[in-house]
Each structure stands twice: as structure tokens, then as C-alpha cells.
Amino acid sequence: MDYRVYHLSRKEVCKSITLAGLLTVAIAYLFYASWLGIVFFPVFIWFFMKRQKKAGEEQMQLQLAKEFVDTLRSISAALLAGFSIENAWKEAEKEILALYGKRSYMYQEVKEMNCSISLNQPLELLLGDFSTRSGNMDIASFSEVFSLSLIHISEPTRPEPISYAVFCLQ
């Protein structure tokens, strides 16, 4: 999901159209005393839908940021309890589910990340993708710090380097 783009729900579209219709009728009646003022209806629809979309975007970003902070706290607690970083994400999935439910933004993301981790995709790449889609500076900063905090160890007998996370979330 791209968190930089907000799509109005049917309920929000209906609310915008209703408000635009009421405002159009009020203006047509008060200022023109005729129904010719209805020509302003499309302008009012545009205005109310734009306003509703902006409010929805802001609310979505705030909710995403709040859920992300709680996810980091959950991961931090799991790391302090001795879990590996991959298992800490699995624990975070359970906690976010308990806190926010299945429809929350972070639950969907953490669940998707855990599925990708089980398919051996690197967590730093998954976080990078998420930070790009989120449009949130805090998430982007965490992703960069996480990626930079990895030490790559290459042994002569191994065909690929091994990555170890050496950081503490607090």
C-alpha cells in the first residue's frame, strides 16, 4: 500500500457531495433567490472532496506514525528479551494485532514483512521499501539507520556475506 496517496471511501464521497449540495442550495436560495446558483455545485464538490482527502491523508499519516512507534517499542522489548531481529518482528506482529487489530496499517506491513523474511528476503530491503511507500521521515530515518547498522562479514569459504545486526532499539 502506498501511504502517500489517500483514496476517499464511499462514505467520504457521499459526505462531500451532500455538503456541497447543501451549500449550493443555501447559496442559490440566499444570494440569488433562484436555482441558477446550482452552477456552483461542481466547484463545491471539488472543494469538499479535496478538503476531505487532505484530512484523510493527515489522519492516515498520524495513525501510521503512532502504530510504527508502537511496533518499534515491541521490537525493542523482544530484542531485550533475547530474540533475534527476525523473531522480534514476529513478536511485534502478535503485539500489533492485539493492540490495533487486523485492519491496522502496521499489522498489514509487519505481516507482509514476516512473510517476506520467511522467504529469505533481507529485512533492510523490506524496510527500505516500506519507508519509500510510507512517505514518513521517521520511518525513512529508521530504515537508513537499520541498514547502516549491519556489519557484513565475509568468510573465504562462504559464497555470500552474512549480515549481523548490531544495534539496540530504545
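The values are calculated or read from the model by the stated rules, or taken from the named source; none is laboratory data. Treat the numbers as computed from the prediction; the structure is a model and nothing was measured. Methodologically, a virtual Cβ is constructed for each residue, glycine included, from the backbone with ideal geometry; neighbour enumeration extends over all protein chains shown. Just so you know, the surface numbers come from the protein's heavy atoms only, side chains and all, with ligands and any DNA or RNA stripped out. Shrake-Rupley method; radii C 1.70, N 1.55, O 1.52, S 1.80 Å.
List of remarks:
- Potential lengthening of the chain between residue 13 and residue 121 amounts to 35.0 nm, from the contour at 0.36 nm per residue minus the alpha-carbon distance.
- The range 44-134 - percent of accessible surface contributed by carbon and sulfur, probe 1.4 Å: 56
- Site pair residue 63 and residue 30 shows an inter-label distance of 3.3 nm when each label is modelled 7 Å from Cα along Cα→Cβ.
- Of 50/111; 15/111; 66/102; 11/54, pairs whose Cα-Cα distance is over 22 Å: 50/111; 15/111
- In the context of the full set of protein chains, the range 30-117 has a per residue accessible area of 64 Å² (1.4 Å probe).
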